[in-house]
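See structure below.
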Amino acid sequence: MRQIDKYIGRNVFTGILLVLLILVGLFTFFSFIDEIDDIGKQSYGIWQAVQYIGLEIPRHIYDLFPTAALLGSLIMLGVLASNSELTVMRASGISITRIALSVLKIGGLLTLVAMLIGEFIAPYSEQYGQEQRALAQSEKDYMAFSSRYSFWARDQQNFINIRTILPNGGFGQIALYEFTPEQTLTRVTYAQTAHYEAGQWVLNQVEKVTMGTGATEAKREFLPQTTWKAILDPELIKIVVVKPRKLSSLGLYHYIQYLKQNGQESAQYELAFWTRLAYPLLAITMIFLAIPFVFGSLRNVAIGQRILVGAFLGIGFHMLNQIFGHLAIVYHFPVLLSAFLPPLLFLSIALLMMRRAVR
């Protein structure tokens, strides 16, 4: 049995890896095509574009693995069936269930690798790539960096801190620190909200504290609204918008707690968190789904037709997943159910087909 596991595992591994390489290659190529129009902006050249695209590859691997697992398993098991190798195995007394277990062993190992990439490599490489891309395309010379849940930037002698990203694209809890060329603090400005309009920042509910000289006390004033003409590009600040895909599962959990403590909406992050936890179930389901197709209704059809069926299944799952995701966000559908229902539904279909194939 160990030889059977190795043989089936080697074939399924090869199939999944080849399909994954093709899919990642296609998505990487299309991403590079999208970047061509931006090459030449400031210091953003072809080498910077290649670096950015390269840093996106771990994300493509994580996102495309379930589809590659379905197609790769379907193709290679189909090849074994076309060569009558699966028939010989069955005639030797090896059950369909035992063959399925051999497929799932290698599938589970590859799923673990994909999860590790999605948890520990993709979020950080993607974030770093987007930061470097935004900085290279920036029209002005300034420094910027993000801390855990806030953004800091230097605008000439001034510094800005942004604590909250608002859903409408604006910012909240702004603090501006103005210094002289001699690095003396002259003014601190606090604003509840801010947005970029007509080439300048518009600050709302503003408190300004102007530092005095010598024994002179600091002057404090309150304004309903004021403007701040900074060279800080709002496009650069957009890179610090905390998107669910930029966080690991642990990072999502901590950020959800942070949002709840600050009274902010956390539904999309909760959905992303539970979807991340449902990822292994999804990947294993996609692999398992290929087995009854090979032993059932597709056992005598060409490989091209199997690929077409697998592609339709992948598209169908993606659409179903998107529908339940929108239900969770728009209609406050339970996020736990939205994340787990699509893979559980496809798993039920696979089990039903498997039951018929075993008969």
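Quick notes on this one:
- Residue check, residue 36 touching a Lys or Arg at 6+ places or on another chain (Cβ under 9 Å), at pLDDT below 95 and assigned to a helix (DSSP H, G or I): no
- Looking across region 322-343, the residues that are in contact (Cβ under 8 Å) with a residue 24 or more places away in the chain and surrounded by 14 or more Cβ atoms within 10 Å (Cβ to Cβ) come down to 325, 328, 329, 335, 336, 338, 339, 340, 342, 343.
- Scanning region 51-69 for residues that are more than 20 Å from residue 248 (Cβ to Cβ), surrounded by fewer than 20 Cβ atoms within 10 Å (Cβ to Cβ) and either polar (S, T, N, Q) or at pLDDT below 95 (or both) turns up just one, 51.
- In a residue-by-residue description of region 104-113, the property of being within 27 Å of the chain's Cα centre (by Cα), at pLDDT 90 or above, exposed (fewer than 13 other Cβ atoms within 10 Å of the Cβ) and over 23 Å from residue 244 (Cα atoms) applies to at least one position.
- Criterion: at pLDDT 75 or above and either at negative phi or surrounded by 14 or more Cβ atoms within 10 Å (Cβ to Cβ) (or both) - qualifying residue of 235, 217, 265: 265
- Subset of region 19-49 [of a type in the set (Asp, Glu) and either without any contact (Cβ under 8 Å) to a residue 12 or more places away in the chain or closer than 13 Å to residue 132 by Cα (or both)]: 34, 37
- Looking across region 247-262 at every residue that is more than 30 Å from residue 105 (Cβ to Cβ) and among the hydrophobic types (A, V, I, L, M, F, W, C), the one that is modelled with the highest pLDDT is identified as 256.
- Single residue of region 170-209 satisfying the filter (farther than 20 Å from residue 156 by Cβ and loosely packed, with under 12 Cβ neighbours inside 10 Å) that is modelled with the highest pLDDT: 197
- Taking region 275-359 and the helices (runs of 4 or more DSSP H) fully enclosed by it, the elements with 1 or more residues that are among the basic types (Lys, Arg) and modelled with pLDDT of 80 or more are at 335-358.
- Scanning region 5-44 for residues that are surrounded by 13 or more Cβ atoms within 10 Å (Cβ to Cβ) and more than 30 Å from residue 294 (Cα to Cα) turns up 28, 31, 32, 35, 38, 39, 41, 42, 44.
- Of all residues in region 265-279, those that are of a type in the set (A, V, I, L, M, F, W, C) have Cβ atoms under 8 Å from Cβ atoms of residues that are outside any helix (DSSP H, G or I), 6 or more apart or on another chain, in 267/332; 272/247.
- Output for region 82-112, where each listed residue is farther than 17 Å from residue 66 by Cα and in contact with a Pro (Cβ under 7 Å, 6 or more places away or on another chain): none
The values are calculated or read from the model by the stated rules, or taken from the named source; none is laboratory data. Just so we're clear, the structure is a prediction, and the values are computed from it rather than from any experiment. With ideal geometry, Cβ positions are generated from the backbone for all residues, glycine too; neighbour counts draw on all protein chains shown.
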